[in-house]
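These notes concern the structure reproduced below.
The values are calculated or read from the model by the stated rules, or taken from the named source; none is laboratory data. This structure is a prediction, so every number in the text was calculated from the model and none was measured. Positions of Cβ are backbone-derived with ideal geometry, glycine not excepted, and every protein chain shown enters the neighbour counts. Areas reflect the complete protein model, heavy atoms only, side chains present, ligands, DNA and RNA absent. Shrake-Rupley method; radii C 1.70, N 1.55, O 1.52, S 1.80 Å.
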Amino acid sequence: MTPKNQLLLIEDERNICNFIMTTLKSNDYKVTDAPNAKTGLSLAASQCPDLILLDLGLPDMDGIEVIRQIRGWSNVPILVISARTQEKEKVSALDAGADDYITKPFGTSELMARIRSALRRSSSGSNQLSPAQLQYTAGDLIIDYEKHIIMIHGEIVHFTQIEYKILTFLSQNAGRVITYDSLISHVWGPFADSNNRILRVNMANIRRKLENNPADPQYIFTEIGIGYRMRDNEIP
Ligand code: CA
């Protein structure tokens, strides 16, 4: 049996806290909870959890600041819990170094999927190249990072260099939402204009080549106001 993952939940709302704690424990995770940022930060440092679930609206500190502080000394995956109306906060949280977010109210299966996905990414970041770092596969799409080729339905499809860069960045972060700004700065450099028109144009071209029906994408999903999320890699 694999050792249980240790999680830390930083959340001040009792109901949500209880719901998450119960869900995690019944799914065999070990979990500690903290009702505020101060306790959360000290537990994060003393317990070195495998993943942190963080509510952005805490009584004693802004959640974004909590992310910045943790990122000062740790790469532990941080999954943000936020309210539906907090689009700007979600973007700031991701740009501050959070790995992903989940919007309240959320169901058990969504929460568990997000946690598994974040834990999988963090464990595949170790020294040896994992299969997922060599290739991305989902449905009829294969991206071979070594050979630099993209195949759809078994045929090589040509993408421009910019399109390829966008696709590799999204697919190497599959399952995780990537903000417009971080995608733009990855593809065009840190001083690029953060106006995302050129990104949208490229994305439209990518979807035209990639998707059977670009209006109902199966590979790259838009998170409105935030960024894009690419479908999970089927290679573990
Ligand atoms: Ca709260």
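A few comments on the model shown:
- Nearest-20 debye value, the chain charge dipole, Cβ charges on Lys, Arg, Asp, Glu: 140 debye
- Amide N proximity, segment 89-118 versus Phe19 label position 7 Å along Cα-to-Cβ, cut-off under 17 Å: 101-115
- At a probe radius of 1.4 angstrom, the accessible area of the chain per residue rounds to 51 square angstrom.
- Modelled spin labels at Asn195 and Gln218, positioned 7 Å past Cα toward Cβ, are 3.6 nm from each other.
- Global geometry of segment 124-218, whether rounded, prolate or oblate, following the gyration tensor of its Cα atoms and the 1.5 cut on a/c: oblate
- Where chymotrypsin sites (Phe, Trp or Tyr not before Pro) fall in DSSP loop in segment 190-236, at most 11 other Cβ within 10 Å: Phe191
- Carbon and sulfur %, accessible surface of the chain computed with the full protein complex present, 1.4 Å: 50 percent
- What you get for segment 102-176, charging only the Cβ of Lys and Arg (+1) and of Asp and Glu (-1), is a dipole of about 480 debye around the Cα centre.
- The chain: projected area of the alpha-carbon convex hull, averaged over directions, in nm²: 13.8 nm²
- Label separation (Ala113 vs Asp62): 3.2 nm, computed from points 7 Å beyond Cα along the C-beta direction.
- Virtual spin-label span in nm between Glu87 and Ser122, 7 Å along Cα→Cβ: 3.0 nm
- Dividing the helix sum by the residues of the chain, where each DSSP H run of 4 or more adds -39500 (n - 2.57), gives a mean residue ellipticity at 222 nm of -12500 deg cm²/dmol.
- Computed lengthening from Trp188 to Asn36, 0.36 nm per intervening residue step minus Cα-Cα distance: 50.9 nm
- Cross-link pairs Lys38/Lys88; Lys88/Lys209; Lys147/Lys209; Lys30/Lys104; Lys38/Lys90 - those with Cα-Cα distance over 28 Å: Lys88/Lys209
- Expressed as a whole percent, the proportion of Cα-Cα pairs in segment 48-177 lying more than 17 Å apart is 64%.
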